[in-house]
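Below is one structure, written out as structure tokens; the observations come after it.
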Amino acid sequence: MIVRTLDEIIGSERDVRAENGNWVSRRFLLRDDGMGFSFHETTIFAGTETDIWYKHHLEAVYCVGGEGEIEDLATGIVHPIRDGTLYALDRHDRHKLRAFTDLRLVCAFNPPISGREVHDKDGAYPPAE
Ligand code: 9YT
């Protein structure tokens with residue numbers, strides 16, 4: 001059994017900040033934990049906009065705090081995000097995330113990410129090895 005707390009992750013190797021400063025990701029479970037997915041808590045900072053395109057991953061995201069929105073960049077459709085909202089990028093959907101207040105999100109990635117990945121120029125993480 002694996003048991004971890006946010007307190008022990010903050011400030012460790014599993015605490016990863018975006019290069020543009022838009023988000024911080026606390027990575028509770030990674031590839032080497034052997035669960036078949038990775039599991040993170042992410043805060044998207046208030047006032048930011050982030051373009052994301054997980055070409056090589058599926059991601060499910062559940063909001064547990066804050067206010068924001070997600071725009072589907074293929075259709076232009078915008079969905080509000082607040083406590084209790086889930087979105088799943090089942091089609092590797094290109095999207096833009098806007099945070100009106102700090103957004104607290106719980107995320108799972110399939111395949112799992114392995115460590116300290118940050119977005120590349122397209123907003124993607126590299127494919128699993
Ligand atoms: C919601 C989202 O994709 N935010 C970017 C960070 C990512 N969730 C991560 O690596 O935790």
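Here is how the numbers come out for the structure above:
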| item | result |
| --- | --- |
| Size of charge dipole - region 6-100 - debye, nearest 20, with Cβ of Lys, Arg +1 and Asp, Glu -1, no other charges | 200 debye |
| Accessible area (Å², per residue) of the chain, counting only protein heavy atoms and a probe of 1.4 Å | 55 Å² |
| Relative contact order for the chain, counting Cα pairs under 8 Å that sit 6 or more residues apart, in percent | 31 percent |
| Pairwise centroid distance, computed over Cα atoms, of region 1-72 with region 82-129, Å | 7 Å |
| The chain pair-distance distribution - Cα-Cα, 5 Å bins, rounded % | 2, 11, 21, 27, 22, 12, 4, 1, 0 |
| Theoretical ellipticity at 222 nm over the chain - DSSP helices of four or more residues, -39500 (n - 2.57) apiece, nearest 500 | -500 deg cm²/dmol |
| Accessible area (Å², 1.4 Å probe, nearest 10) - Lys55 | 70 Å² |
| For region 1-57: relative contact order, % (alpha-carbon pairs under 8 angstrom, 6 or more apart) | 25 percent |
| Portion, in percent, of the accessible area of the chain that falls on carbon or sulfur, probe 1.4 Å | 52 percent |
| Long-range tail of P(r) for region 27-84 (Cα pairs > 18 Å, %) | 46 percent |
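The values are calculated or read from the model by the stated rules, or taken from the named source; none is laboratory data. The structure presented is a predicted model; accordingly, all values stated were derived computationally and were not measured. Here the Cβ is made from the backbone with ideal geometry for all residues, glycine too, and neighbour counts use every protein chain on show. Calculation scope for accessible area: heavy atoms of the full protein, side chains included, ligands and nucleic acids excluded. Shrake-Rupley method; radii C 1.70, N 1.55, O 1.52, S 1.80 Å.
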